[in-house]
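Here the structure comes first, spelled out in structure tokens, and everything after it is commentary.
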Amino acid sequence: MASLPLSLAVIALTSPGQPAVLMTGELPSSAVWIRATWLGWAPSVPCVALLALIGEALGVGGAQALVGAGMGLGIGLLQARVLRRLGFPALPRICTCALGFALPFLIWDLGRAFGANWATHSWSA
């Protein structure tokens, strides 16, 4: 299936202190994007392992935010490959995926660190 002739506006972050750059380009097809997302889980496993080792070395082992960041890195890397072929910068996609996956887990980790007793399932007490 060919990609739709739609325009996609993306704000690419530049170095600190410089204005963001607005870019437009063609959207990838749904099949290409889904394949990149699905295959992104494979490199996520070594990314999670690497971040877990780094977390252990820093004394924050067991932090779930590292798992989220590792999964986001793997998926972001493969999605960025698709975007790069369309002329978009890769780094913003990789960073937003890693942060987007890590943020909910970071909130969970911080809550647990400050004594929140959140249940992991809605049916547990």
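Quick check: from the Cα gyration tensor, does the range 29-113 come out rounded (a/c under 1.5), prolate or oblate?
Working: a/c = 2.46, a/b = 2.14, b/c = 1.15.
Judged from the Cα gyration tensor, the range 29-113 comes out prolate (a/c at least 1.5, a/b above b/c).
Would you mind computing, in nm to one decimal, how far apart the modelled labels at Ala116 and Ser30 are, each placed 7 Å from Cα along Cα→Cβ?
Each label point is offset 7 Å from its Cα along the Cβ direction, giving 3.5 nm.
Throughout, read-outs are computed from the coordinates displayed, never taken from laboratory work. Note that the structure is predicted; figures quoted are calculated from it, not measured. Note that each Cβ is placed from the backbone with ideal geometry, even for glycine, and that neighbours are counted across all protein chains shown.
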